[in-house]
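Heads up: the structure comes next, in structure tokens.
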Amino acid sequence: MKPFLILQLRPETEASDDEFDAILRKGGIDAGHAHRIRLDQADIPAGLCLDDYSGVIVGGGPGCVSDPEDTKSALDKRMEDAVMGLMPEITARDFPFMGCCYGIGILAHHLGAEVSKACYGEPVGATTCVLTADGRADPLLADVPDTFRAFVGHKEAVQHLPEGCVHLLESEPCPFQMIRYRDNVYATQFHPEADSDGFEVRIRIYKDRGYFPPDTAADLVAMCRAEDVHAPETILRRFVARYGRD
């Protein structure tokens, strides 16, 4: 099988390593079939050819697409620009893509939709996702329960459905939990790779990044530990199974 290209935008090594391990485990990807690029440490190689890969998976991160350019750190801007640089080819070719959390902002922004903090941010924790009619017909969501819990935590969100996209999953606080562009380009607002262990790591690392009052971290960990979150990983695993190719 050709490898999956996994692009990460987390500059904290513990968070990045934990996310990468979760993507492999929950997606069913053997380490030998993953090309990991930590964009805080390396650029996307010049001349990278998408034909060498089964698909592209973009992880989350503490940055926001909608932050004004003059407030972004040089590192955040460089990482974001690196992923944005691949999006024209990915969308033009309808190349298999799964954007997780930060990835939905990347995709929507590239497609010209508003991504902002105006509405639909969600606190750290679990939310209830609901399949739309189009979601029930999507191959990645076949037999997924009509409603399920998923881990979220984001300050910005897609404000309207990007042109050319299909709306697959929604939640009461955030309408666009999963979208698809054309046939093969997917993005989720929730974290399909996350479980309670992984969210505990992120809560500890990002407790001073404005997602929640730092003194509530222990309560958030306990709340996440009490959640039963399993359906999202099915979506990631089906993406890998559907697009893994020789």
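Nothing in this text is a laboratory measurement; each read-out follows from the coordinates by a stated rule. A quick note: this is a predicted structure, and the numbers were derived from the prediction, not measured. Note that we place each Cβ from the backbone using ideal geometry, even for glycine, and neighbour counts take in every protein chain shown.
A few remarks follow.
- Most mobile listed residue (Arg202, Arg149, Arg78) in the chain, GNM with C-alpha springs under 10 Å: Arg78
- Per-residue Karplus couplings for segment 39-51, computed as 6.51 cos²θ - 1.76 cosθ + 1.60 with θ equal to phi - 60°, are listed in order as 6, 6, 10, 8, 8, 5, x, 4, x, 4, 10, 4, 5 Hz, Gly and Pro entered as x.
- When you restrict to C-alpha pairs under 8 Å that are six or more residues apart and normalise by the size of the chain, the relative contact order lands at 24 percent.
- If you take the alpha carbon atoms of segment 76-152 and fit the smallest convex hull around them, that volume is 127 Å³ per residue.
- Backbone amide hydrogens, once placed in the peptide plane, bring His191 within less than 5 Å of Phe151, excluding anything fewer than 5 places away on its chain.
- Extension gain for Arg204 to Arg245 (0.36 nm times residue separation, less C-alpha to C-alpha distance): 11.0 nm.
- Residues in segment 62-76 carry Karplus couplings, in order, of x, x, 10, 4, 7, 4, x, 4, 7, 9, 7, 5, 4, 5, 4 Hz; the curve used is 6.51 cos²θ - 1.76 cosθ + 1.60 with θ = phi - 60°, and Gly or Pro positions show x.
- Computed over segment 101-246, the quotient of the alpha carbon radius of gyration and 2.2 N^0.38 Å is 1.03.
- Cβ-derived FRET efficiency at R0 25 Å, Ser73 paired with Arg225, nearest 0.05: 0.20
- One quarter of the surface of the convex hull around the alpha-carbon atoms of the chain equals 12.1 nm², the direction-averaged projected area.
- Simple label model, 7 Å out from Cα along Cβ direction - Ala133 to Ala218, nm: 5.0 nm
- Residue-wise HN-Hα coupling along segment 122-135, computed from phi with Karplus coefficients 6.51, -1.76, 1.60 (Hz; x: Gly, Pro): 10, x, 4, x, 10, 10, 9, 8, 10, 5, 7, 4, 5, x
- The residue among Leu236, Thr128, Tyr206 whose Cα reaches farthest toward the positive pole of the charge dipole of the chain, with charges on the beta-carbon of Lys, Arg, Asp and Glu, is Leu236.
- Candidates Leu168, Leu107, Leu75, ranked by Gaussian network fluctuation over the chain, Cα under 10 Å, top entry: Leu75
- Global form of segment 15-75, assessed from the alpha-carbon gyration tensor, a/c cut-off 1.5: oblate
- 16 Å Cα cut-off, lysine pairs counted over segment 4-243 (separation 8 or more, or different chains): 4
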